[in-house]
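Okay, structure first, notes after.
What follows is calculated from the coordinates using simple rules that are stated; it is not laboratory data. From a predicted model like this one, the values you see are computed outputs, not experimental measurements. We place every Cβ from the backbone using ideal geometry, glycine too, and count neighbours over all the protein chains shown.
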Amino acid sequence: MKRTKIIDALKRTDFGAEINVKGWVRSKRGSKGIFFIALNDGSTIKNVQVVGDDADFSEETLRRITTGACLSVEGTLVESPAAGQASEIRATAIEILGDCDNTYPLQKKGASWEYLRTVAHLRPRTNTFGAVFRIRHNMAMAIHSYFHEHGYFYFHTPLITASDCEGAGNMFQVTTKNLYDLKKDEQGKIIYSDDFFGEQTSLTVSGQLEGELGATALGAIYTFGPTFRAENSNTPRHLAEFWMIEPEIAFMDQEELMDLEEDFIKYCVRWALDNCRDDLEFLNKMVDKGLIERLESVLKEEFVRLPYTEGIRILQEAIKGGRKFEFPCQWGDDLASEHERYLVEEHFRKPVIMTDYPRSFKSFYMKQNPETADGGSVGYKGAVAPGPTMQGTDVLFPSIGEIIGGSVREESYEKLMTEINRREMDMTHLWWYLDTRKYGSCPHAGFGLGFERLILFVTGMQNIRDVIPFPRTPKNAEF
Ligand code: 4AD
Ligand code: MG
């Protein structure tokens, strides 16, 4: 008999039909010679209830129906007398496809997140991780759908690169060299000419620079792929391998970039509410009671658009009023997550798009705001800043902090070169990037969304290690 997925079986009302389902036993209980199995096949958070008469099955079969065992069940679809389910299956034949003994690591309910990370190879079989990974899939579909509908082209940028987009230097090297026997020149520098690529290469930290090549040819592109950062930050928001979505658009200005960031996130959240209802309801009940309400409220709210300088003023005001922060926040300091969260969660109580950051801690490629005679600059809607600023536009979210990092790009060759020289950057490996500014340069903008940070927000999970199947973090590359 052809297998029916449980998600489809639960929708059927042709009671009396013969049906076959396959899946893993979530639980088995029994009374008065009748047994009840909750069977799940991953197609939905919901289990199908299999009901059987002990007398119809061998003792051996009954003994082998244990938590975690894999079964094929044939039976009759019947209307369920139990609340919360329309149908159930009256079993006529049960085949044990895979036994599962009592060493199964997922037997106990209420295991901690930390424990479940140690059994990441099996945790997708739990209700919570099943829900999270189904939502993760749906968010990927939402993203492709959004950009496809809006005329963006999916552009594949390389994972192996000889350049450092963010200039932060925390890259993983790619080499086939024998690390114990490296050839060096007279100054003691490693010679890469006989390495696989003939030069020093790394895993990419961002596809943006190549994305700009796509945008300045195809008009609007997006990337969606893994990125790698050897940041030694053990936080609930950082992974060494994470997925990033990077749209890049020609002829887009700062206001339009912020419109896009807001519209795109709202589209994804709406998609989750429309397509992942059962999983969200489960998570709302078991993981985060405020989840659905928070998702719905993000759709209703207009995001605040806040120049960095104004953000600093609000933070200093709060400090004057007695609010304590661990880290300083003078104009020119990069905001710590406690500052971002104060603005988003306490002051505005909604998402904030922060703009016009000081040049000192932002990337070389960002568009420079016009400077004033006294060393200040003029930014978004004419707001004046005490120092040089760039058109960075980050989206800050409740409970997550930075979810998007974006900017308008500096399109002037001269201004870009001035900045590159000021930073004493070596552009040998980025000569091709400069060509975009030499040949038919155009205004353009883009951003990077951390996929796992979006999944954190949409699922209400607290740790980024729990929204990717097999997390990569410092000292951990298991599975
Ligand atoms: O702010 P970031 O570093 O920006 C860029 O890489 C730009 N090149 C993007 C662009 O304009 N095309 O990173 C973008 C986003 C962050 O806002 C954050 O959501 C996520 O990527 N992110 C991380 N997510 C998980 N683990 C990490 N270690 C992350 N680092 C950044
Ligand atoms: Mg950033």
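Along the Cα→Cβ direction, 7 angstrom out, place labels at S193 and L62. What is the inter-label distance in nm?
The two pseudo-label positions are separated by 7.9 nm.
Can you sort K183, K350 by how many other beta carbons sit within 10 Å, fewest first?
Numbers: K183 13, K350 16.
With the sparsest Cβ surroundings first, the list reads K183, K350.
Could you list Y365, Y146 so that the one with the fewest beta carbons within 10 Å of its beta carbon is first and the one with the most is last? Each step should come with its number before you reach the end.
On the way: Y365 23, Y146 20.
Fewest-to-most Cβ neighbours within 10 Å comes out as Y146, Y365.
In which sequence would R472, R437, R29, R423 go, from the one with the fewest C-beta neighbours within 10 Å to the one with the most?
Working: R472 16, R437 21, R29 9, R423 12.
Ranking R472, R437, R29, R423 by Cβ neighbours within 10 Å, fewest first, gives R29, R423, R472, R437.
Between I34 and K320, what length comes free when the chain is fully extended (0.36 nm per residue of separation minus the Cα-Cα distance, one decimal in nm)?
On the way: separation 286, 0.36 × 286 = 102.96 nm, distance 6.89 nm.
Additional length available on full extension: 96.1 nm.
Kindly express, to the nearest 10 degrees and within the range 0 to 90, the angle between helix 308-320's C-alpha long axis and the longest C-alpha principal axis of the chain.
80 degrees
Multiply the residue separation of K177 and S399 by 0.36 nm, subtract the distance between their alpha-carbon atoms, and state the gained length in nm to one decimal. Intermediate values should be presented prior to the final figure.
Values: separation 222, 0.36 × 222 = 79.92 nm, distance 4.30 nm.
Extra length available between K177 and S399 comes to 75.6 nm.
Using the Karplus curve 6.51 cos²θ - 1.76 cosθ + 1.60 with θ = phi - 60°, what ³J(HN,Hα) values do you get for each residue of segment 402-418, in whole Hz, with x for Gly and Pro?
5, 10, 10, x, x, 5, 7, 9, 6, 9, 7, 4, 5, 5, 4, 5, 4
Collect residues whose amide H, placed 1.01 Å from N in the peptide plane, falls under 5 Å from the amide H of W243; neighbours closer than 5 in sequence don't count.
T227, F451, E452
In nanometres, what is the gap between the two model label sites at L299 and K11, each 7 Å from Cα along Cα-to-Cβ?
The modelled label-to-label distance comes out at 2.0 nm.
Per DSSP helix of 4 or more residues, -39500 (n - 2.57); summed, then divided by the residues of the chain. What does that give at 222 nm, rounded to the nearest 500?
Numbers: 13 runs with 137 residues, N = 479.
Helices in the chain give a 222 nm mean residue ellipticity of -8500 deg cm²/dmol.
Enumerate the aspartates and glutamates that K320 could reach by cross-link, defined here as Cα to Cα under 17 Å, with residues fewer than 8 away along the same chain left out.
E310, E338, E346
Could you sort out which of K362/K438; K11/K109; K189/K367; K289/K362; K108/K285; K11/K285 sit more than 26 Å apart by Cα distance in this structure? Write out the running numbers ahead of the final one.
Values: K362/K438 23 Å; K11/K109 28 Å; K189/K367 35 Å; K289/K362 37 Å; K108/K285 19 Å; K11/K285 23 Å.
Over 26 Å apart, Cα to Cα: K11/K109; K189/K367; K289/K362.
Report the charge-dipole magnitude of segment 363-479 in Debye, nearest 20, computed about the Cα centre from +1 at each Lys and Arg Cβ and -1 at each Asp and Glu Cβ. Walk me through the numbers before you get to the answer.
Details: 12 positive and 14 negative charges, 33 e Å.
Dipole magnitude for segment 363-479 comes out near 160 debye.
How large is ³J(HN,Hα), in whole Hz, for each residue of segment 269-281 in order, when computed from phi with the Karplus curve 6.51 cos²θ - 1.76 cosθ + 1.60 and θ = phi - 60°, using x for Gly and Pro?
Result, ordered by residue: 5, 4, 4, 4, 5, 7, 10, 10, 4, 4, 5, 5, 5 Hz.
Looking at the chain, identify the longest residue range that excludes and avoids all GluC sites (Glu not before Pro) in DSSP loops having at most 12 other Cβ atoms within 10 Å. Provide the component values of the computation, followed by the final result.
Values: sites that count: E186, E199, E302, E326, E424, E478.
In short, 1-185.
Positive end of the dipole of the chain, charges at C-beta (+1 Lys, Arg; -1 Asp, Glu), about the Cα centre: which of A240, H137, I160 has its Cα farthest in that direction?
H137
If the cut-off is a Cα-Cα distance under 15 Å, which aspartates and glutamates reach K46, setting aside same-chain residues fewer than 8 apart in sequence?
List returned: D8, E88, D278, D279, E281.
Find how much the distance from K475 to K184 grows on full extension, using 0.36 nm per residue of separation minus their present alpha carbon separation; answer in nm with one decimal.
On the way: separation 291, 0.36 × 291 = 104.76 nm, distance 2.88 nm.
Full extension of this stretch gives 101.9 nm more.
Any chance you could check the Cα centroid distance between segment 225-267 and segment 289-357 for me, in angstrom?
When both Cα centres are located, 19 Å separates them.
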